[in-house]
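These notes are about the structure you will find just below.
What follows draws every value from the coordinates through simple rules; no lab data is involved. Small disclaimer: the values here were computed from a predicted structure and weren't measured. Using ideal geometry, Cβ is built from the backbone for each residue, glycine included, and neighbour counts are taken over all protein chains shown.
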Amino acid sequence: MTQPIYKSLTAILRDVFDDDAIVATPDLNAQRVNGWDSLGNVRLFLEIERRFSIRFSTPEIASLKDVGQLVTMIEKKCSTVTQ
Amino acid sequence: MSFNSFPSILIFLPIAVTGYWLLSAGVSHRFASYWLLTCSVVFYLVGGGPWSLLISASSILLDYILVRVIIESAPENHRVRLTAFIIGVLANIACLGYFKYTNFFLHTANSVLGTHLEAAHIIIPLGISFFVFQKIALLADAWSRQIQSLRLTEYLLFNFFFPKVIAGPIVHYNELVPQFETHRVSCPARELAIGLCLFSLGLFKKCVISDGVGVFAPAAFDFAGEGYPPLLTAWTSILAYTLQIYFDFSGYSDMALGTARMLGVRLPMNFNSPYKAVSIVDFWNRWHISLTRFLTAYSYTPLVVNLSRRRLLEGKPVLEGKGSALSAIWTLIAIPSVLTMALSGLWHGPAWTFVAWGVLHGIYLTVNQAWRILRPRFWPNNLVYERVMGPVGWLLTFLAVSVSFVFFRAPSLESAFSVLGGLFGLNGAQAPVLRTLQMTGADDLGLSVTLRAYWEAYGFSTVCIVGLLTVVVMMPNSLEILSRYQPALDFTEESLPPLTSKPTSIGRALLQGGAPLSYATAVVMALLFSAGFLALTGSSRFLYGQF
């Protein structure tokens, strides 16, 4: 389940931050992506919500540490949706 | 009591730190915690007085009950949790509103409505702006189940912990309390040495540099009015203030981090070379970091998320990179940025000058964010853009920040606009004394008289400003100097923004990856401490301590 999420996230990150060099890895975080600031973070989450048909709470959006944590959150939400 | 005072440095700190380590090693960690709490309460009592302590303690104890209700209520008692959460947040806002803003509202009502309401005699509790925000963050963390348990001693210590009680950093419960609970420091002497290094750097910055350059700041503001200040006076004055507040807050932050570290506790990073920033967004990730984090989490992000969702429901466009519509930029960038920064301004002080400062930064952030999103449309080459905009972005950011400080420093909006007029040359170029000299035929008096007059008016201040600006931009900061000892909770070299992630070449050559705790470092730090101590006046307060 995890690999396809990373693949989708790479596409979303490239799209949102307009940079084709980005590759989603567990330790990738906002500091290492140009444009991933507080506004970029919201744009990223809204795009993930749209593509995965899930929804995040504001504290979840505001407290993101890295892509690894993001993937865990997506996985959890997707499994709740499919159950 | 402030860090930069004789009683604090000579009596309070040595007793608090020595007592803590002795109790921690000789009796038990629990007793050491009680000692730390007692010291913190004494520090607060001496600094703010009994009334201040009574109000803060009442508010803190009310939140203790509410947070426990939120944590201990079963998930099915959603209504109970929600009620406790809302009461807690409202009570904190009401507390801040009453003590800090009552007279501001009365004054505004009098001038707008023409009423004659008398100002109330209200004592503002010490550090209220900081501990109210901290408790709101605590309630939010409890609400989102990030806090599992709450013990009274640690909770009180979290609120009153003296290294951060005057002016932050604004910390989260989970950042600080685990350090109190599982305090197992292997080498107290090392912690003490690192803490003393930070403290010495901070004392020097505050007492020698900030207070020193600060003497040039009032020139433009004290007599601002019709036709004053002239261009050169306005610029020397505002640049001096820009440096004064930088070294004041940087010095305070170092001393706060240093004092905590003397007790083996790491506080989060609050200040990270903000004048090296190459954009306004970058600036706010480096200046008062803990406040930016709070406002981003509890004001900016909820605003952008909710406004975006509402637009999606209404079928309107949201932000879509370089193809974003102007209506989306207005609603999703301008409104949240200006509202959040106006709130930030008001938080700094109950005056319209602070609101104006906040709104100006909101406008700066809007322009910066809109440009970042739309720029690839007009300027697609990222590499060339970054090469050009590195220096240009730095200059624009520094000038924008300096100009904004006019509102931060001015006693009223009228004098702020006079100083702004001076900055843009509307009041002539030189000080009146030089103009008079010119009119009365300075040429006849000879070049040396004219040059001396210029030197006395602007020369020394300009040399100080240029020198300090070079230090600010080229030198590594305190965190970088001590980077190998993790001087702040979340400080690693990798955590710095990419464009300026490495210390400058001079800094790197000078330090080669951070200063070791060697004899040479000890001598340098002792010199800095001595210079700072000798410059102590006993009357200088932290600018940020007034918020």
Report summary line: Per-residue ellipticity at 222 nm attributable to helices in chain B (runs of n ≥ 4 DSSP H, -39500 (n - 2.57) apiece, nearest 500 deg cm²/dmol) works out to -21000 deg cm²/dmol
Query raised in the report: Among B:GLU118, B:GLU386, B:GLU175, which comes first, then next, by fewest other beta-carbon atoms within 10 Å?
Result: B:GLU118, B:GLU386, B:GLU175
**Report entry** Backbone HN-Hα couplings from phi across the range B:211-221 [Karplus 6.51/-1.76/1.60, Hz, Gly and Pro as x]
**Finding:** 5, x, 6, x, 5, 8, 6, x, 3, 7, 8
Query raised in the report: Cα extents of the protein assembly as shown along the three principal axes, largest first, in whole Å?
Result: 94, 67, 64
Query raised in the report: How far is the Cα center of the range B:253-287 from the Cα center of the range B:288-358, in Å?
Result: 24
Query raised in the report: Under 11 Å from a point 7 Å along the Cα-to-Cβ line of A:CYS78: which residues of the range A:14-52 have their amide N that close?
Result: A:52
Report task. For an R0 of 22 angstrom, estimate the FRET efficiency from the Cβ-Cβ distance between B:VAL466 and B:ALA531 and round to the nearest 0.05. Result -> 0.55
Report task. Could you work out how far the C-alpha centroid of the range B:120-176 sits from that of the range B:63-83, in angstrom? Result -> 18
Requested in this report: Please average, across the residues of B:369-375, the number of beta carbons from any other chain that are within 10 Å of each residue's own beta carbon, and give a whole number.
Outcome: 3
Query raised in the report: With a 10 Å Cβ neighbour count serving as the proxy for reagent exposure, in which order, fewest first, do B:THR115, B:THR153 appear?
Result: B:THR115, B:THR153
Query raised in the report: Over all residues in A:30-38, what is the mean tally of Cβ atoms on other chains that come within 10 Å of each residue's Cβ?
Result: 6
**Report entry** Environment charge of B:ALA74, counting only residues whose C-beta is closer than 15 Å and scoring Lys/Arg +1, Asp/Glu -1
**Finding:** +2
**Report entry** Per-pair calculated FRET efficiency, R0 = 41 Å: B:ASP222 and B:LYS316 via Cβ, rounded to 0.05
**Finding:** 0.25
Query raised in the report: How crowded by other chains is A:43-50, given as the mean number of beta carbons from other chains within 10 Å of each beta carbon?
Result: 4
Query raised in the report: Does the range B:1-160 come out rounded, prolate or oblate by the C-alpha gyration tensor, with a ≥ b ≥ c the root eigenvalues, rounded set by a/c under 1.5 and, if not, prolate when a/b is larger than b/c and oblate if not?
Result: oblate
Report task. Give, as a single signed number, the net charge of other residues whose beta carbon lies under 13 Å from the beta carbon of B:SER418, with Lys and Arg counted +1 and Asp and Glu -1. Result -> -2
Report summary line: Two pseudo-spin positions, 7 Å from Cα along C-beta at B:ALA109 and at B:GLU72, lie apart in nanometres by 4.0
**Report entry** Sequence of A:CYS78, B:CYS464 once ranked by neighbouring C-beta atoms within 10 Å, starting from the fewest
**Finding:** A:CYS78, B:CYS464
Query - Straight-distance crosslink candidates among aspartates and glutamates, where the alpha carbon sits under 18 Å from B:LYS322 and sequence neighbours closer than 8 are dropped - result: A:ASP15, A:ASP18, A:ASP19, A:ASP20, A:ASP37, A:GLU47, B:GLU386
Query raised in the report: Does the range A:2-82 classify as rounded, prolate or oblate by the C-alpha gyration tensor (a ≥ b ≥ c root eigenvalues; a/c under 1.5 gives rounded; else a/b over b/c gives prolate, otherwise oblate)?
Result: prolate
Report task. Give me the number: length gained by fully extending B:GLU386 to B:TRP371, i.e. 0.36 nm times residue separation minus the C-alpha to C-alpha distance, one decimal in nm. Result -> 4.1 nm
Query raised in the report: Could you state the number of Å between the C-alpha centres of the range B:192-212 and the range B:224-247?
Result: 26
Report summary line: Scoring chain B by relative contact order with C-alpha pairs under 8 Å, at least six apart, yields a percentage of 18
Requested in this report: Could you tell me which helices of chain B pass both thresholds, a Cα extent of 24 Å or more along their own axis and a mean Kyte-Doolittle hydropathy of at least 0.5, with helices taken as whole DSSP H runs?
Outcome: B:29-72, B:78-113, B:231-262, B:382-409
Query raised in the report: Based solely on its DSSP helices, what 222 nm [θ] is calculated for chain A when runs of n ≥ 4 H residues each add -39,500 (n - 2.57) and the sum is averaged over all residues, nearest 500 deg cm²/dmol?
Result: -20000 deg cm²/dmol
**Report entry** Net length gained if the chain between B:ARG145 and B:SER186 were fully extended (0.36 nm per residue, minus Cα distance)
**Finding:** 11.6 nm
